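Participant: The structure follows.
Readers should treat all values here as calculations from the given coordinates under stated rules, not as data from a laboratory. Small disclaimer: the values here were computed from a predicted structure and weren't measured. We place every Cβ from the backbone using ideal geometry, glycine too, and count neighbours over all the protein chains shown.
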Amino acid sequence: MLDWISSWLTNRRQRVCIQGKFSSWILVTSGVPEGSHTRAGVISLFLIFINDLDMGIENWILKFSDDTKIFSELSQVKDCDKLQKDLELLHKWSVDWQMQFNTEKCKVMHIGRHNTMFTYTIENKQLEAVKQERDLRFIIAEDLKPSAHCTERYTKANRMLGLIKRTVSSRQPGIMLNLYKSIVRRHVKYCSPAWSLPSFKRRLKTELFTRSYPDSSGRVCPSSLLTITSP
């Protein structure tokens with residue numbers, strides 16, 4: 001494994017081809033590898049590199065690529081101290097492996113009415129407490145309600161519908177259907193299992209979105225755009 005990694009990272013060369021003319025070879029000393037196979041190799045190396053990140057951590061921790069979340073149920077002050085200790089362990093790991101955390105991007109979210117609102121630090125820097133945060137394009141709020149995410153999704157979808165109305169003169173059903181599926185529906189459907197819960201406000205917002213471009217059958221008609229109820 002070590003030989004494979006060494007051969008992959010060392011003695012890399014590149015040259016440029018323009019209209020069949022090649023430049024001379026030069027050594028690549030830095031840069032970002034591109035390509036699906038190369039990117040997969042980079043991700044694999046990164047996952048191996050951070051594999052021991054959670055060693056010694058007492059609370060729950062989630063790792064996804066270069067994003068790490070640590071969380072715990074806090075009922076006493078000692079629980080907060082334990083969480084702070086885990087943050088210190090993470091910081092120590094980053095120092096040992098020369099992969100410093102960007103503390104400006106590290107946030108704290110206090111969930112629950114009886115939360116003690118404990119102040120957490122990394123590298124003696126107080127972490128910013130936020131009421132909502134975006135995680136993998138999904139907005140998570142401190143009350144765990146998806147209202148903010150739904151509002152943003154519907155706003156973007158409506159913006160795309162307006163763009164279609166202003167820039168596309170054709171109202172042929174086939175064209176409208178393809179436009180809707182490609183640039184509108186994906187905004188509303190993204191992560192829908194996480195937020196499609198029974199809620200009067202969200203149902204009302206869906207109906208208002210649908211009625212903005214009315215079509216009782218949920219299909220494209222020559223005089224309107226496709227509605228949210230379309231397949």
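Participant: Which cross-chain or sequence-distant (5 or more) residues have an amide H under 5 Å from the amide H of Ile122, H modelled 1.01 Å from N in plane?
Facilitator: The answer is Leu127.
Participant: Ranked highest first by average number of other Cβ atoms within 10 Å, how do 98-105, 136-143 line up?
Facilitator: The most tightly packed comes first, giving 136-143, 98-105.
Participant: I've got another one for you. Rule-of-thumb check for the range 53-97: C-alpha Rg over 2.2 N^0.38 Å?
Facilitator: With N residues counted in the range 53-97, Rg over 2.2 N^0.38 Å equals 1.16.
Participant: Another question, if that's okay. In nm, to one decimal, how far is the modelled label at Ile18 from the one at Trp97, with both set 7 Å along Cα→Cβ?
Facilitator: 4.2
Participant: Beyond 18 Å between alpha-carbons counts as too far, so tell me which of Lys69/Lys189; Lys69/Lys131; Lys85/Lys107; Lys63/Lys189; Lys145/Lys181; Lys92/Lys131 fall in that bin.
Facilitator: Violating the 18 Å limit, Cα to Cα: Lys69/Lys189; Lys63/Lys189; Lys145/Lys181; Lys92/Lys131.
Participant: Kindly provide log₁₀ I(q)/I(0) values, in the same order as q = 0.10, 0.15, 0.17, 0.21 Å⁻¹, from the Debye equation applied to equal alpha-carbon scatterers of the range 49-138.
Facilitator: Taken in order of the listed q values, log10 I(q)/I(0) reads -0.25, -0.58, -0.76, -1.19.
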